[in-house]
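The structure appears right after this line, and notes come after that.
The values are calculated or read from the model by the stated rules, or taken from the named source; none is laboratory data. Predicted model, so just to flag it, every value in this text is computed and none were measured. Note that we place each Cβ from the backbone using ideal geometry, even for glycine, and neighbour counts take in every protein chain shown.
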């Protein structure tokens, strides 16, 4: 069976990371031949490409500079006409639009995965008709959580019978092999004191991730609390300015995109995720598997992934977040119990 996955680019997002983690496994299954097509190679992570290449997968790129260029329809049509696949599995907008418009039936089944609980199109009435047309072109639509399925069905009731929930997962055995980073080296390279309490959030800098809540919370925490922010994105400069405005720039470090976040998760004292919403948060699952305590916003995509309410804070409430951080850090017995509960929970997830 020949399967083609199509995505905008192998960039720094969660869906992209999920494909890099899972496609090599599927490609090893007897009788399966899995390939990946990027609309563009712009902003692709070299390490992701290396991982897929090392697995023996075929990686194709249309070569366009912009994922939003409608000429991608013609490029896709030419690509798909020259090859035969049994399944074409699409991820992320606008690839989800271009593929059905380019697709000329060659007996392949079209599948789309909805990776988020909500998206900006659903806030705009003029997308409703467009989305209706596009979604109906897919024979099956995968929702990564029940909340995603419910919200998508509310947006497009006519596709309800085509939606199936398949939860994301993580390779626990592989994560267990990851070693913690050199804490002393991390502190030195970040110009932080040896007694610093290390908090970390791993997320793309955009409004969905709500870094501002965590930066505001830092102003309510003691001076030896330091925050590491791993990621890139359009809101990064605004968050750097916010840290300065809040007077916490001296204890917030912007690490950029890191390929060693799993090592860092096992090194810091507490992992945090302050998103306004998620699909099914891979960062949350990875944090729970790190052996360190975790706090996440009480929102869809996080609240349904953690063991219980100890791991949650009120969404967009920096005072509550700061209080929960302080409680976890100062109560070592609580922190250890949370870390144990997290590991037990994620093993059974």
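Yes or no: the range 170-182 includes at least one residue that is closer than 27 Å to residue 265 by Cα, over 23 Å from the mean Cα position of the chain (by Cα) and not assigned by TED's automatic domain parsing to the domain that holds residue 87. Lay out the reasoning, then the answer.
Step one: of the range 170-182, the residues closer than 27 Å to residue 265 by Cα are 170-182.
Keeping just the survivors that are over 23 Å from the mean Cα position of the chain (by Cα) gives 182.
Next, from what is left, pick out any that are not assigned by TED's automatic domain parsing to the domain that holds residue 87: 182.
Yes - at least one qualifying residue is present in the range 170-182.
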Can you say whether residue 184 is on the phi < 0 side of the Ramachandran plot and exposed (fewer than 11 other Cβ atoms within 10 Å of the Cβ), as far as the supplied structure shows? yes
Output yes when any residue across the range 178-190 is more than 29 Å from residue 340 (Cα to Cα), touching a helix residue (DSSP H, G or I) at 6+ places or on another chain (Cβ under 8 Å) and free of Cβ contacts under 8 Å to residues at least 12 places away in the same chain, and no when none is. no
Modelled with pLDDT under 95 and at positive phi: is that true of residue 233 in this structure? yes
Test: residue in the range 308-327 that is touching a helix residue (DSSP H, G or I) at 6+ places or on another chain (Cβ under 6 Å), free of Cβ contacts under 8 Å to residues at least 60 places away in the same chain, buried (at least 19 other Cβ atoms within 10 Å of the Cβ) and not in a loop (DSSP other than H, G, I, E, B): yes
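Within the range 87-124, how many residues are part of a loop (DSSP other than H, G, I, E, B), within 17 Å of residue 72 (Cα to Cα) and in contact with a strand residue (DSSP E or B) (Cβ under 7 Å, 6 or more places away or on another chain)?
2
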Give 203, 143 a once-over and let me know the one that is free of Cβ contacts under 8 Å to residues at least 40 places away in the same chain, within 30 Å of residue 292 (Cα to Cα) and buried (at least 19 other Cβ atoms within 10 Å of the Cβ). 143
Failed condition for residue 86, given (1) in contact (Cβ under 8 Å) with a residue 60 or more places away in the chain; (2) closer than 14 Å to residue 144 by Cβ: (2)
